[in-house]
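Here is the structure we will look at.
The values are calculated or read from the model by the stated rules, or taken from the named source; none is laboratory data. Source: prediction; values computed, not measured. Here the Cβ is made from the backbone with ideal geometry for all residues, glycine too, and neighbour counts use every protein chain on show. Note: accessible area is taken over every heavy atom of the protein model, side chains too, but ligands, DNA and RNA are not part of it. Shrake-Rupley method; radii C 1.70, N 1.55, O 1.52, S 1.80 Å.
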Amino acid sequence: MSAKWRKFLSYYRPYMKGFIADMCFALVAAATSLVIPLIIRYITGTVLTEGFANANQTILYLFLLMLALLGVEFGCNYFIAYVGHMVGARMEYDLRNELFTHYQKLSFRFYDDQKVGSLMSRVTNDLFEITELYHHGPEDLMISAIKLLGSLVILCMINVPLALLALVPVPFMIVFASVLNRKMKRTFKKNRERIAEINTRMEDSLSGIRVVKSFTGEDMEIHKFTEGNDLFLLSKKDNYRYMAIYHAVLWCITGLITVTVAAVGSWMIGRNSLTLQDLIAFLLYVNNFTEPIRKLVNFTEQFQNGMSGFERFYEMICIEPDIEDAPDAKELSSVKGTIDFDNVTFSYGGNPTREANVFSHLNLHIHAGEYVALVGHSGVGKTTICSLIPRFYEPNEGHITIDGTDITSVTQKSLRRQIGIVQQDVYLFAGTVLENIRYGRPEASFEEVVEAAKRANAHEFIMELPNGYDTDIGQRGIKLSGGQKQRLSIARVFLKNPPILIFDEATSSLDNESEKVIQDSLEDLAKDRTTLVIAHRLSTIQNAERILVLSENGIEEEGTHEELLQKEGVYARLYHSVE
Ligand code: ADP
Ligand code: MG
């Protein structure tokens, strides 16, 4: 059995009890439906023709028996529909949780190449059909098998030649079904890919709706969306064409069985080789015989549909996170804040021979509590250096240590707890001010949150918001100004209180006034911590203890602002060109 199948079946394990009960009820339902025509045959055959003394009473009793059987079938059907579906739904729930948890483990490198809409589509659309497949699949298979075999046996007991006649088309049906199944599987998969594209397009367009409107790009967006939607329709068209052929042909063949049996049976009655009551029973059973075939037809469709979703789920689950904790990873605690880069080479592709490295053989030493600025022109790799310290990406070569401990030897969680990052583009979550600041430390008390907000110079503007700390800030904090968002993100880091800080162009997008306020907050935050500042405006880093000038060749110059100006090198040129 392939690993995929083992994985598929493994989701049954926690719900075995419910599932087995579901199967038992399905078994009982199938069996009762086989018994009822037998009773009818008994009435029309034995009771009526053999002249029972009190035929009416016997018929009444048998009627009551049949009612009781229907009652049993009712109970079984209710149970199957309710409990059976719930078993399927719980399994789908597990799959969803697993996929979302898996997403949380994957690293920056994975997300660099993925589209959010498509990832969402895998969680929502792709797993949609799986509930049905998980419980209806085995249930339908069993009910159909019992009905098919049971009715076949009974048909043979009634009349062998007629039973064989009913059996003739079955092999053709099987061949036909398996050929079309393969085609349908492909179209189902294509449908899923196309709907994922639609979701991606929609997510992108709606997230950027403000840009869309400012560029009056609505028509273009609608056009692009329609394109994707058309493609989806096209693949649905193929899909439905196959389904239509499939259903029509199979229904036709089952109808053909009934019609042929009726005609040939009547002819046999004329030749006295069959009785009327046997023909009635036979026709009742032919229905019992063709119904499971129809069910199997539906099942194959459901199966292809559900499996195509599961396959896309499985593909994703198989992607291993490229950055994982070492098996013997320790907790990194009580950090002083010395950071060392030792001969570090990095490229985003992760393949140093093919891609250009962002930097090669970089050496860097920052001692505990130092306030260091990193400057260099845009695209030289400043942000990249900062992403390596919390291990968002793995260097191709070399080591990074904190207080002498290699960062690959500690858990990612404990490492990242020691580092606070304030970036130019702030990401805030939909929710309230309070929730967003608390993201830095979820167990913090309200007083601690207020304290952090005060130190980030955010308290005043928060109090002016309509609901203070409980104000909803909109998706990505859209209801706040740039400076306000930045101050919330600083408050978040204050609350986290990490020994190492990274400010990556934290004030670049702000006007002069907000910049001053935020500069104050940042400097307050930086006290007694190792701080790495990247600044676009060199005026903001003049009081750094040390300035590192990064170029394509690595660290080109270093020193204080005055020292570097005197050198009249790269920094001096940069300073004079910008200021
Ligand atoms: P900066 O010094 O302006 O912060 P970055 O560190 O952001 O520069 O980028 C360094 C180089 O790496 C740039 O050439 C950029 O195009 C590239 N780069 C940045 N992020 C990624 C990424 N996620 N995937 C691939 N390339 C990237
Ligand atoms: Mg940058």
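Here are some notes:
- Extension reserve of the Val211-Glu451 stretch, reckoned as 0.36 nm per residue once the Cα distance is removed: 82.8 nm
- Near Thr345, the amide H atoms lying under 5 Å from its own belong to His361, Leu362, Asn396, Glu397, Gly398; only residues 5 or more places off or on other chains count, and H is placed 1.01 Å from N.
- In the chain, the DSSP beta bridges split such that about 50 percent are antiparallel, to the nearest 5.
- If R0 is 41 Å, the Cβ-Cβ spacing of Ile319 and Val28 corresponds to a FRET efficiency of close to 0.40.
- A 1.4 Å probe, protein heavy atoms only, puts the accessible area of Trp267 near 150 Å².
- If R0 is taken as 41 Å, the Cβ-Cβ distance between Asp342 and Phe100 corresponds to a FRET efficiency of 0.65.
- Other-chain or far-sequence residues with amide H under 5 Å of Leu374's (modelled H): Val533, Ile534, Ala535, Leu548
- Test item: Cα-centred dipole of the chain, Lys/Arg +1 and Asp/Glu -1 on Cβ, debye: 2960 debye
- Whole-Hz couplings from phi, Karplus 6.51/-1.76/1.60, listed for the stretch 544-550; x for Gly and Pro: 5, 5, 8, 10, 9, 9, 9
- Point-to-point label distance, Asp112-Ile222, nm (Cα→Cβ direction, 7 Å offset): 3.8 nm
- Förster-model FRET efficiency, 30 Å R0, Phe52 and Met157, C-beta, rounded to 0.05: 0.85
- Considering only Gly228, Leu162, Leu488, the residue lying farthest towards the positive end of the dipole of the chain is Leu162, judged by Cα position with unit charges set on Cβ.
- For Ile20, solvent-accessible area (1.4 Å; no DNA, RNA or ligand), Å²: 90 Å²
- Long-range amide H partners of Gly420 with built H, under 5 Å: Ile500, Leu501, Ile502
- Excluding exposed DSSP-loop trypsin sites (Lys or Arg not before Pro) (at most 10 other C-beta within 10 Å), longest clean stretch of the chain: 1-270
- Difference of contour (0.36 nm per residue) and Cα-Cα distance, Glu523 to Lys567: 13.1 nm
- Net charge, Thr131 excluded, C-beta distance under 10 Å - Lys, Arg +1, Asp, Glu -1: -2
- Top positive-direction residue, dipole computed over the chain with Cβ charges, set Tyr61, Gly208, Asn553: Tyr61
- In a fully extended conformation the segment linking Asn287 and Ala21 would gain 93.1 nm over its present Cα-Cα distance, using 0.36 nm per residue.
- The stretch 506-579 and the stretch 368-436: distance between their alpha carbon centers, rounded to Å: 18 Å
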